[in-house]
1. Please identify the GluC sites (Glu not before Pro) of the range 37-99 that satisfy two criteria: DSSP loop assignment and at most 12 other Cβ atoms within 10 Å. Which are they?
2. Could you order peptides 187-199, 120-132 by the average number of other Cβ atoms within 10 Å of their residues, highest first?
3. Give a residue-ordered list of calculated ³J(HN,Hα) values for the range 176-189 (Karplus: 6.51 cos²θ - 1.76 cosθ + 1.60, θ = phi - 60°; whole Hz; x for Gly, Pro).
4. Using just the helices of the chain, give the 222 nm mean residue ellipticity in deg cm²/dmol: DSSP H runs with n ≥ 4 each add -39,500 (n - 2.57), and the total is spread over all residues, rounded to 500.
5. Work out the charge dipole of the range 145-286 with +1 on the Cβ of Lys and Arg and -1 on the Cβ of Asp and Glu about the Cα centre, then indicate which of Ser272, Leu242, Pro179 is farthest towards its positive end.
6. Select from Pro159, Leu169, Ala130 the residue farthest towards the positive end of the dipole of the range 55-181; place +1 on Cβ of Lys and Arg, -1 on Cβ of Asp and Glu, and compute about the Cα centre.
7. Kindly state, to the nearest 0.05, the FRET efficiency for Met253 paired with Asp106, given R0 = 41 Å and r defined as their beta-carbon distance.
8. At 1.4 Å probe size, with the rest of the protein present, what percent of the exposed accessible area of the range 108-229 is carbon and sulfur atoms?
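The values are calculated or read from the model by the stated rules, or taken from the named source; none is laboratory data. Every value quoted in this text rests on a predicted model; they were computed, and no experiment measured them. Backbone-built Cβ (ideal geometry, glycine too); neighbour counts: all protein chains shown. Heavy atoms of the whole protein, side chains included, go into the accessibility calculation; ligands, DNA and RNA do not. Shrake-Rupley method; radii C 1.70, N 1.55, O 1.52, S 1.80 Å.
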Amino acid sequence: MDRRGRRRRRLPVGGARHGDDRRAAGRAGVLTGLTVLLPPSETKREGGDTSRTLDLRALSFPELAEERAAGLTAARSVSSEESSARTALKLGPKSIAERFRNLELDTSGTMPAIERYTGVLYDPLGAQTADASTRAWWHDHVVVQSAMFGPIGAGDPIPAYRLSHDSRLGTIRLASHWPATSSRVLADRADGLVLDLRSEGYRQLGPVLDAVAPRIVSIDGSGRRRALNHWNKTAKGRLVALLARTGAVVATMDDLVDWAAANGVVVERSESGWDLVAESLEPVTV
């Protein structure tokens, strides 16, 4: 909805998917409610379904096809030589082999984005062992801001790749390549609360007006709150896991506060916006 509360016309954001009509509709971006924006992860799970290689038409937000194709071409170019890959992708001796991922984007196997990413935020999700209803919730409500593909749905099939928000792809600067189009398609997809859990670098690749970006805090023995840095990702992962496991129905910030209270999660107003207390989020088995 716009700032006057009027329903916006939304564009289709994905191709056909398997599953029932409700889940397919969600992945096509026609469900209202909560949209959760996540950053990708530098670390990625290897492998995938080799019978289903990258198909840009199968990704959500197909109107980004031109930007995606340009980015993939540039990534292949800078990855073709070790010297250019080391500079553009910021690779060291131990990670230089990751450049080959970008040379195999069209031929390597794919897996859902929510399973491809690993690390501090994604490991608490337990995506590879999650049940069907949990996966369906992620597919309906979670969007990942990829440096390579722009915004993608949690269930979109992607290969492993190497690219960060601050990588330089020759003449393409991601900071100017993605923001305008990413912001537009995210605004078209969202019809309700947008919960922005992206890191600042990825938030800049697709700013969303009126999104709520909670501060992840820890409370010490004296009751003082301090913002968490690296470990805020764990709390974000646990939050997204719990939202999915409980099948959260959320369309406004009031809904999220009510859901949080019912599930023992502390979400409170602060001087700067909203605080999410990390200690209130226990590990979640999905």
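1. When the GluC sites (Glu not before Pro) of the range 37-99 are filtered for loop state and at most 12 Cβ neighbours within 10 Å, Glu46, Glu81 remain.
2. By packing density, highest mean first, the sequence is 187-199, 120-132.
3. Whole-Hz 3J(HN,Hα) from phi for the range 176-189: 10, 6, 9, x, 5, 6, 4, 4, 5, 6, 5, 5, 5, 7.
4. Calculated from helices alone, the mean residue ellipticity at 222 nm is -8500 deg cm²/dmol.
5. Pro179
6. Result: Leu169, furthest along the dipole toward the positive end.
7. E between Met253 and Asp106, to the nearest 0.05, is 0.45.
8. For the range 108-229, the apolar C and S fraction of the accessible surface comes to 51 percent.
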